[in-house]
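*Asks:* Just dropping this structure here.
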Amino acid sequence: MSAVVINGLWAGYGRRRVLHGVTARIPAARVTAVVGPNGSGKSTLLGAVAGVVPAAAGTIGRRTAERPALVVQRSAVADALPITVRETVSMGRWAQRGAWRRLTRRDRTVIDSCMDRLDIRHLAERPLGALSGGQRQRALVAQGLAQESDLLLLDEPATGLDVEAQQRISGALDHATRQGATVVHATHDLAAALRADHCMLITGGRVVAEGPPADVLTPGALARVWGVPQVEGEGAPGGAAR
Ligand SMILES: Nc1ncnc2c1ncn2[C@@H]1O[C@H](COP(=O)(O)OP(=O)(O)OP(=O)(O)O)[C@@H](O)[C@H]1O
């Protein structure tokens, strides 16, 4: 079953088109990895599905009307933002409660459990700007989880993190899918993409392959997309590149 069906999607910024007729299906309650070179349109695709980048043409069909949770790259968050980790994660509840309503007991339980899942409860009262990059990224992922949306979109959530932090995040995302959420993450980490349930390879704003990661991330497809020959025997066998 598909959580999102994208059909002939064109999208970009102003008059500049970044996505050129993207057609793809995102399976429900699974992890999908979006892979592609710098500037290929991964963030733009996540933004379009999240509704923050308008579609110029084509359609994005959703199974439900719930607002997606979008976790942006940590570099997109200002260092000087004067908020604590707990406040950052609490903002995840705004979509349900509004920014000025008092948090309920259930909100506080969700916030604490999302901090626990990312192992950042001990940092709860620290200012976000005073954290390391990896700690800050965990706080942003916890904020996304706190929205309890059925569609979680994450832009390179594990880039530059140590192995323990990467495992925390990937464990939290797997947990979300077991709870029924659909997870889509953009990544440059081919090992992480191979662990996903589904993979979309994009280049130049076009989907060049889509399907099981081992069928998509073939040595031939990677060589074509990145233009560098892969070492023989590396990557997965098969060939599903369009
Ligand atoms: N806000 C913006 N305004 C104008 N152009 C943008 C904007 N954001 C991205 N672009 C352009 O759109 C193209 C695709 O960018 P996008 O961030 O979607 O790629 P990406 O695959 O996520 O890249 P990366 O791997 O480097 O994060 C790039 O050429 C980029 O310069």
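The values are calculated or read from the model by the stated rules, or taken from the named source; none is laboratory data. On a predicted model such as this, the values are computed, not experimentally measured, just so you know. Positions of Cβ are backbone-derived with ideal geometry, glycine not excepted, and every protein chain shown enters the neighbour counts.
*Asks:* Which of the following residues is surrounded by fewer than 24 Cβ atoms within 10 Å (Cβ to Cβ) and more than 21 Å from Ala29 (Cβ to Cβ): Val85, Val163, Val89, Val110?
*Replies:* Only one candidate qualifies: Val163.
*Asks:* Any chance you could count how many residues in the stretch 170-203 are within 16 Å of the ligand (Cβ to nearest atom) and either part of a helix (DSSP H, G or I) or buried (at least 21 other Cβ atoms within 10 Å of the Cβ) (or both)?
*Replies:* Summing the residues that are within 16 Å of the ligand (Cβ to nearest atom) and either part of a helix (DSSP H, G or I) or buried (at least 21 other Cβ atoms within 10 Å of the Cβ) (or both) in the stretch 170-203 gives 11.
*Asks:* Within the stretch 150-159, take every residue that is out of contact with any helix residue (DSSP H, G or I) (no Cβ under 7 Å at 6 or more places or on another chain) and at pLDDT below 95 and give me the one that is farthest from the ligand (Cβ to nearest atom).
*Replies:* Thr159
Okay, residues lined up against (1) within 14 Å of Ala69 (Cβ to Cβ); (2) in contact with a Gly (Cβ under 6 Å, 6 or more places away or on another chain):
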{"position": "Leu128", "(1), (2)": "no, no"}
{"position": "Ser132", "(1), (2)": "no, no"}
{"position": "Leu152", "(1), (2)": "yes, yes"}
{"position": "Gly171", "(1), (2)": "no, no"}
{"position": "Gly180", "(1), (2)": "yes, no"}
{"position": "Ala186", "(1), (2)": "no, no"}
{"position": "Cys199", "(1), (2)": "no, no"}
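*Asks:* Which condition number in (1) under 15 Å from the mean Cα position of the chain (by Cα); (2) part of a loop (DSSP other than H, G, I, E, B) is the one that Gly47 fails?
*Replies:* (2)
*Asks:* Quick one: how many residues across the stretch 13-35 are within 12 Å of the ligand (Cβ to nearest atom) and at positive phi?
*Replies:* 1
*Asks:* Looking at the structure I just gave you, is Gly133 among the small types (Gly, Ala, Ser), more than 16 Å from the ligand (Cβ to nearest atom) and not assigned by TED's automatic domain parsing to the domain that holds Val207?
*Replies:* Taking the combined requirement at face value, the residue does not satisfy it.
*Asks:* Applying the selection to the stretch 36-52, what residues are within 10 Å of the ligand (Cβ to nearest atom) and either of a type in the set (Ser, Thr, Tyr) or buried (at least 20 other Cβ atoms within 10 Å of the Cβ) (or both)?
*Replies:* Hits for the stretch 36-52 are Gly36, Ser40, Gly41, Lys42, Ser43, Thr44, Leu45, Leu46, Gly47, Ala48.
*Asks:* For the stretch 180-213, which residues satisfy the criterion of being within 23 Å of Leu145 (Cβ to Cβ) and among the hydroxyl-bearing types (Ser, Thr, Tyr)?
*Replies:* Once the filter is applied, which keeps residues that are within 23 Å of Leu145 (Cβ to Cβ) and among the hydroxyl-bearing types (Ser, Thr, Tyr), the stretch 180-213 yields Thr182, Thr187.
*Asks:* Separate question: Does Ala78 satisfy the condition of being away from the ligand (no atom under 12 Å from the Cβ), outside any helix (DSSP H, G or I) and either in contact with a His (Cβ under 8 Å, 6 or more places away or on another chain) or modelled with pLDDT of 95 or more (or both)?
*Replies:* It is false that Ala78 is away from the ligand (no atom under 12 Å from the Cβ), outside any helix (DSSP H, G or I) and either in contact with a His (Cβ under 8 Å, 6 or more places away or on another chain) or modelled with pLDDT of 95 or more (or both).
*Asks:* Could I ask something else about it? Anything in the stretch 217-230 that is in contact (Cβ under 8 Å) with a residue 60 or more places away in the chain and in contact with a Leu (Cβ under 8 Å, 6 or more places away or on another chain)? List them, or say none.
*Replies:* Scanning the stretch 217-230 gives Leu217, Val225.
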